[in-house]
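K.L.:
Sharing a structure here in structure tokens format.
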Amino acid sequence: MLHVQVVLFDGFDLLDAIAPYEVFCAAAMNTDHALTVELVTAEGPRLVTSGINGVKMEATGRLNPQRTGIIVVPGASGKIEGNSPDSIPAILNRAMRTELTSIVGEALEQQGTIVATVCGGSLILAMGGLLEGRPAVTNHLGMDLLGATGAIPVQARIVDDGHLVTGGGVTSGLDVALYLVERELGPRLAHSVEQLFEFERRGTVWRNTGVAPVQQQGKEEEAGKESAEVTASEAHPNEEHIQASSFNGNWDTTIATPVGKLQVQLAISTSNGIIQGKATQGDETVEFIAPTLLDEKLAWSLQISKPMRLNLKFEVTAEGDRMSGIAKAGILPASKLTGIRVSS
């Protein structure tokens, strides 16, 4: 018997969760209960407040990563912009910081378990470091953020990466569930549910198989060319690199993020006109990626894993021994960076 666990968390989007729940329930009724469906949380049975008008739903069980079947992770509902506690990025981050991330990570390692996400559900997994290097999709507003986590964004309604299946926008929950019914239980059953709902699944399911489109091959070649050009430019410093000396030294910086203030130490140096840098947060030290000086601003990228896995883009200026600027990742609000040079 196939068992489906639909995960709820505080601030979840109602349609993200209810659409697949109802599809799987309809499939169960049409198969004389060949599958079961349950609403669960990472904490166990409780009333869960959604992100829409405070509507509550009751979860009857605790998410069990050892139970084979399907786990569905919805996205969040809230304010699209800003860094208030009821914004979508803040809700997703809070969900990521619960036991949900580790439990789903354990489930992804189990044979016979499929993890499916709807809309921003993939961002919860991605920010928790579970989708690095894997193709996935999310709501169109979050595709940049998805890429910033190290996942491979694919513009598709549904992305099938084996035991990981991700869906795009809010209404993709219907499509994801119908696709999984067809994949796991057969097209006749999926067709009967479509007839019952008077709804036909949308879009082509993307899988990493078959002949790659010429356009995609061209993009990969262009990316390789750009990488080579960057390497070449690094090997031949220009006059702008001389200005980088104003950033040299060790800096104590603070980044004010939606999830709290981060204390980060920066070590920046210039060697033969080439800018180099390292960032240290706690026991984690990472090197700057492609540091570049543009119009007296120093820009670079950074791969961090705390408090979530992200590729951040920085842009700062230095006036004397004071640094200021921003750090940004996808749709997340820009975080203000301030710092003081502690040594040259």
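K.L.:
How big is the convex hull of the Cα atoms of the range 239-343, per residue, in Å³? Don't jump to the answer; show the numbers that get you there.
P.N.:
Values: hull volume 9.7 nm³, N = 105.
So the per-residue hull volume is 93 Å³.
K.L.:
In what sequence do 138, 171 fall when counting other Cβ within 10 Å, fewest first? Please report the intermediate quantities before stating the final value.
P.N.:
Numbers: 138 34, 171 16.
Fewest-to-most Cβ neighbours within 10 Å comes out as 171, 138.
K.L.:
Going by C-beta contacts inside 10 Å, put 152, 255 in order with the fewest on the left.
P.N.:
Numbers: 152 16, 255 22.
Lowest to highest Cβ neighbour count: 152, 255.
K.L.:
Modelling each spin label as a point 7 Å along the Cα-to-Cβ direction, I'd like the residue 163/residue 319 distance in nm, to one decimal.
P.N.:
Here the answer is 5.5 nm between the modelled labels.
K.L.:
When the dipole is taken about the Cα centre of the range 239-343, and only Lys, Arg (+1) and Asp, Glu (-1) are charged at their Cβ, what size is it in debye, to the nearest 20?
P.N.:
Values: 10 positive and 11 negative charges, 94 e Å.
Taking the Cα centre of the range 239-343 as origin, the dipole is about 440 debye.
K.L.:
While we're here: List the pair-distance distribution P(r) of the range 2-208, using every Cα-Cα distance, as the percent of pairs falling in each 10 Å bin from 0 up to the bin containing the longest distance, rounded to whole percents.
P.N.:
Taking every Cα pair in the range 2-208, the percentages come to 10, 39, 39, 12, 0.
K.L.:
Take 103, 80 and order them by how many other Cβ atoms sit within 10 Å, fewest up front. Intermediate results must be reported in sequence, preceding the final value.
P.N.:
Values: 103 19, 80 12.
Ordered from fewest to most neighbouring Cβ atoms within 10 Å, 103, 80 come out as 80, 103.
K.L.:
Of 79/328; 79/297; 79/278; 261/328; 79/336, which sit over 24 Å apart, Cα to Cα? It would help to have the intermediate numbers written out before the result.
P.N.:
On the way: 79/328 18 Å; 79/297 31 Å; 79/278 34 Å; 261/328 14 Å; 79/336 20 Å.
Those over the limit are 79/297; 79/278.
K.L.:
Given charges of +1 on the Cβ of Lys and Arg and -1 on the Cβ of Asp and Glu, with all other atoms neutral, how large is the dipole of the chain about its Cα centre, in debye to the nearest 20? Working shown, then result.
P.N.:
Working: 26 positive and 40 negative charges, 111 e Å.
Using only the charged Cβ atoms, the result is roughly 540 debye.
K.L.:
Quick check on the chain: of the DSSP beta bridges with both residues there, what percent are antiparallel, nearest 5%?
P.N.:
So the antiparallel bridges amount to about 70 percent of the total.
K.L.:
Another question, if that's okay. Can you tell which of 140, 104, 167 lies farthest toward the positive end of the dipole of the range 52-205, using +1 and -1 charges on the Cβ of basic and acidic side chains (Lys, Arg; Asp, Glu)?
P.N.:
104
K.L.:
Output the relative contact order of the chain, whole-number percent, from Cα pairs under 8 angstrom with separation of 6+ residues. If you can, show how the numbers build up before the last one.
P.N.:
Numbers: 768 pairs, mean separation 44.9, N = 344.
It rounds to 13 percent for the chain.
K.L.:
Looking only at 199, 24, 314, which one moves most when the chain is put into a Gaussian network model with springs between Cα atoms under 10 Å?
P.N.:
Comparing 199, 24, 314 in the GNM, the peak value goes to 199.
K.L.:
Can you pull the Rg over Rh of the range 1-101, Cα-only, Kirkwood?
P.N.:
Details: Rg = 14.0 Å, Rh = 14.0 Å.
With Rg and the Kirkwood Rh in hand, the quotient comes to 1.00.
K.L.:
Follow-up question, since we're still on this one. What are the DSSP H helices in the chain that stretch 20 Å or more along their long axis, judged by alpha-carbon atoms, and whose average Kyte-Doolittle hydropathy comes to at least 0.0? Before the final figure, lay out the partial values.
P.N.:
Numbers: long enough: 14-29 (22 Å, 1.41); 214-235 (32 Å, -1.22).
Qualifying helices, which must be both long enough and hydrophobic enough, are 14-29.
K.L.:
For the range 150-176, list residues with backbone N below 20 Å from a point placed 7 Å from the Cα of residue 55 toward its Cβ?
P.N.:
It comes to 168-176, nothing else.
A short reminder: the numbers here are calculations on the coordinates, not readings from a lab. Small disclaimer: the values here were computed from a predicted structure and weren't measured. All Cβ positions, even for glycine, are placed from backbone atoms using ideal geometry, and neighbour counts span all protein chains on display.
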